[in-house]
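What follows is one structure encoded as structure tokens, with my remarks underneath.
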Amino acid sequence: MEDTTPYFSNDAIVFGIIMLTLGFVFYTSSIKEGFWKVFYRFIPAVLMCYLLPAIFNSLGIIDAETSKVYYIASRYLLPASLVLMTLSIDLKAIFNLGPKALIMFLTGTIGIIIGGPLAILLISFISPDIVGGVGPDAVWRGLSTLAGSWIGGGANQAAMLEIFKYNPDKYGGMVLVDIVVANLWMALLLIGIEKSKKIDNWLQADTSAIEDLKERVSSYSAGVVRNPTTTDIMVMLSIAFVTVGIAHWGASGISSYLNNFEIFNDQSSALSSFTSKFFWMVTITTIIGILLSFTKAKQYEGAGASKIGSVFIYILVASIGMKMDLGLIFENPGLIAIGLVWMTIHAILLIGVAKLIKAPYFFLAVGSQANVGGAASAPVVAAAFHPSLATVGVLLAVMGYVVGTYGALLCTWLMEIAS
């Protein structure tokens, strides 16, 4: 039996490797001459923050399955980063972004809904066995969990598993497709961020509203900028992690309360995703951040609030990359092929609509990740454009939770017909 124990299983060491990776990438990307200048011209720094931990995981140096680093990053550092980056948010400027963000989000949702059945039809022409199966082993039942994950998130995925009763012994294969395909797609989106100006030119996109939002936040930050004292740093961390505590407390309470009602407690109900603690944690954090943006706490942007938030986001980026095992791509090629075709249809539809309505690449990337990645990665992609945009990713991801189960149900019924 193959030994799958990672070389480093102590999380203190794993976290040290993550921080070494981030330090290496940020230092080398700051060198503006020689080899590293050429290297980062072609390979975005944010992609390296994501890819290097994936390589370490694939080589067995570290293992996301046994590590708690991703859990800590997503449950503690993500909400902390969201509140710090939301302090300086300009709600009026966000509303001025217009309807294109919502249109691209809904386009991404439709891309997942129609992508599943179309992928089944296309793959069935090549190898019908891949999309076959009867009863609990029917592949379309398993793919329903992908639809739930890629429109909403983990809670919606669990709801689909409960509703359509896919064989639990084969469920691991669907989780594999989810991890491989979703992470490959996120990597491509991160690559595109470095080329966003060229992409926007090709799309003939009007980016003035996005640039206005960046400019407003940057101008405000410049107006209140100061050299942060130890007190400033302690107050900012206090704001961040007190909010994390409140969000966890509130999420636990709301989730427990909703579980008292059968319509929410029943995993086969489309409303069961609202019992997700993660959903409420992100929602409460965002609300607190927005409320604080109307108080004097907003001035801490001048002391570097969004910079600290960005540090937490990059730790999350690296921990997400840690979950990717590049070797798994070849483990179940048939199912991976369905996932890749499915995601390609999602991407083609997004690109087509973006070109049609002249939507910026930012809306395409964040609209997609709000579906496929959810609240854990949508703000990551948004913040990679600019820290002030992280809230846009969160707001769209929250919508993904709302429509996730219903969209996945429609997708699954279409996949059943296609099968």
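The values are calculated or read from the model by the stated rules, or taken from the named source; none is laboratory data. Only a predicted model underlies this, so the values are computations on that prediction, with no experimental measurement involved. Cβ sites come from the backbone with ideal geometry, for glycine too, and all protein chains shown count toward neighbours. What goes into the accessible areas is simple: the full protein's heavy atoms, side chains included, and nothing from ligands, DNA or RNA. Shrake-Rupley method; radii C 1.70, N 1.55, O 1.52, S 1.80 Å.
Quick look at the values:
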| read-out | value |
| --- | --- |
| On Cα atoms only, tilt of 230-258 relative to the major axis of the chain in degrees | 30 degrees |
| Percent accessible area from carbon and sulfur atoms, the stretch 135-251, protein chains only, probe 1.4 Å | 60 percent |
| Prolate/oblate/rounded label for the stretch 1-147 (Cα gyration tensor, a/c 1.5) | oblate |
| Helix-only [θ]222 nm of the chain, DSSP H runs n ≥ 4, -39500 (n - 2.57) each, per residue, nearest 500 | -23500 deg cm²/dmol |
| Heavy atoms of Lys92 accessible to a 1.4 Å probe, total area in Å² rounded to 10 | 130 Å² |
| Contour excess over end-to-end distance, with Cα ends at Tyr7 and Glu416 and 0.36 nm allotted per residue | 142.9 nm |
| Set of lysines with alpha-carbon distance to Lys198 below 22 Å, sequence-local pairs under 8 removed | Lys32, Lys37, Lys100, Lys214, Lys355, Lys358 |
| Total formal charge among the other residues, if their Cβ is under 15 angstrom from that of Thr107, Lys/Arg +1 and Asp/Glu -1 | +3 |
| Projected label distance in nm at Ser218 and Leu121, using a 7 Å step from Cα toward the beta-carbon | 4.6 nm |
| Distance violations [Cα-Cα > 28 Å] among Lys68/Lys277; Lys197/Lys296; Lys195/Lys307 | Lys197/Lys296 |
| Segment Ser30-Leu59, length gained on full extension (0.36 nm per residue, minus Cα span) | 7.7 nm |
| Fully extended contour minus Cα-Cα distance, from Asn260 to Val242, at 0.36 nm per residue | 3.7 nm |
| Whole-number percent relative contact order across the chain, with pairs defined as alpha carbons under 8 Å at least 6 apart | 35 percent |
| Tyr257 accessible area, assembled protein chains, probe 1.4 Å, Å² | 130 Å² |
| Simple label model, 7 Å out from Cα along Cβ direction - Ile357 to Ile43, nm | 3.6 nm |
| Helix 361-372 vs. the chain, principal-axis angle (Cα, 0 to 90°, nearest 10) | 50 degrees |
| Cα shape, the stretch 367-419, gyration tensor, a/c 1.5 rule | prolate |
| Residue-count net charge about Ile351 - beta-carbon cut-off 15 Å; Lys, Arg +1, Asp, Glu -1 | +4 |
| Three-way shape call for the stretch 52-122 based on the alpha-carbon gyration tensor, with the a/c threshold at 1.5 | oblate |
| Angle between the chain longest axis and helix 390-418 axis [Cα atoms, degrees, rounded to 10] | 10 degrees |
| Net charge contributed by nearby residues that have their C-beta within less than 12 Å of Met322 (K/R +1, D/E -1) | -2 |
| Cubic angstrom per residue, convex hull over Cα atoms of the stretch 159-208 | 117 Å³ |
| Positive-end residue, the chain charge dipole about Cα centroid, Cβ charges, pick of Met399, Ala337, Trp140 | Met399 |
